[in-house]
1. How much net charge surrounds residue 186 when only the other residues with a Cβ under 14 Å from the Cβ of residue 186 are counted, with Lys and Arg +1 and Asp and Glu -1?
2. Using the per-residue mean of other Cβ atoms lying within 10 Å as a proxy for protection, in what order, highest first, do the peptides 79-85, 40-46 fall?
3. With the Cα gyration tensor of the stretch 113-164 in hand, convert its eigenvalues to equivalent ellipsoid semi-axes via √(5λ) and list them largest first in whole Å.
4. Assign unit charges at the C-beta atoms only (+1 for Lys and Arg, -1 for Asp and Glu), then state the dipole size of the chain relative to its Cα centre in Debye, rounded to the nearest 20.
5. Counting pairs of alpha carbon atoms under 8 Å apart in space and at least six apart in sequence, what relative contact order in percent does the chain give?
6. Note down the net charge around residue 15, summing +1 for each Lys or Arg and -1 for each Asp or Glu among other residues with Cβ under 14 Å from its Cβ.
7. Going by the alpha-carbon gyration tensor, a ≥ b ≥ c the square roots of its eigenvalues, is the stretch 152-200 rounded (a/c under 1.5) or, if a/c is not under 1.5, prolate (a/b greater than b/c) versus oblate?
8. Share of antiparallel DSSP beta bridges in the chain, in percent to the nearest 5?
Amino acid sequence: MTANRTVIGNITLSLDGRIHGPGGEYDMGWIVPHAVSDAARDHMVKVTSGATTALLGRRNYQGFGGFWPAVADDESADPRDRAFSRWLNTVEKIVFSTTLTEAPWQNSRIAAAGPAEVVKELRQQDGGDIVVPASTSVIQALLRAGELDRLSITLAPELVGDGPRLFADGLPATGWRLVSATQAASGALCLLYDKVRDGD
C-alpha cells in the first residue's frame, strides 16, 4: 500500500464554518448532539477503519488522551465508541508540538518535522490510511501544502456566530468531489470529499 496511503482530515464544522464558538477552544457544546448520533458514529468507523496512523496537535493529543483510552474497556459505552477507543490506543500516533517533551500514550511519538514533511515521509512507507482527527492546525498545514487527499466533515446545523474557521483566508484554491453524504437524525450531514487532482 506504499503509494496509496490516503491522508484524511476529519472535523466537525458549524454551518458558518466554525470549529468552536467565541468562548474559546472549549466552546464546543453545540457539537455534542451531532457527534453522538448513529450516523456520526458510523461515519467515524468508516473513516478510521483503514487507517494505521493518526496525526494530532498537542491540544487534541492531550484532550483525547485524557478521555478515550479507558472507553475501550467501558462495557456501558456504545460499541462504536469502544472500537474508536481501541483504534486510538493501538494506532501509530504522531504528535506535532513545540512544547511537549514526551508522549506517554502508547504507540505515540513527537514529530521531528512539520505535518507536510512527515506526511511525505509516511507516503514512502508501508501502511494504511493516515487520519487527522479534529486537529485544525494539522489539517490547515496539509491543505496549504497540498498533502490532504480526503476531507471528512460532519456539518452541524448550528450557526455559532463567531470563532475560528477551518478554511482560513489564504488556503490554495482546490476542487473536491463528493464521495458520500449521510444525514444524521440530529440534522447534521456526514460528508466525504476527495481532492480533485490532475487527470481525475
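Rule-based calculations on the coordinates, nothing more; no lab input. Note that this is a predicted model, so its numbers are computed, not measured. Note: ideal-geometry Cβ built from the backbone for every residue, glycine included; neighbour counts use all protein chains shown.
1. Local net charge: -2.
2. Working: 79-85: 16.9, 40-46: 18.7.
Put in order of decreasing packing, that is 40-46, 79-85.
3. Working: eigenvalues 137, 34, 13 Å².
Rounded to whole Å, the semi-axes are 26, 13, 8.
4. Values: 19 positive and 24 negative charges, 70 e Å.
About 340 debye.
5. On the way: 373 pairs, mean separation 71.6, N = 200.
The normalised contact order for the chain reaches 36 percent.
6. It works out to a net charge of -1.
7. Details: a/c = 4.74, a/b = 1.23, b/c = 3.84.
Oblate.
8. Details: 14 of 36 bridges.
Expressed as a percentage, antiparallel bridges in the chain total about 40.
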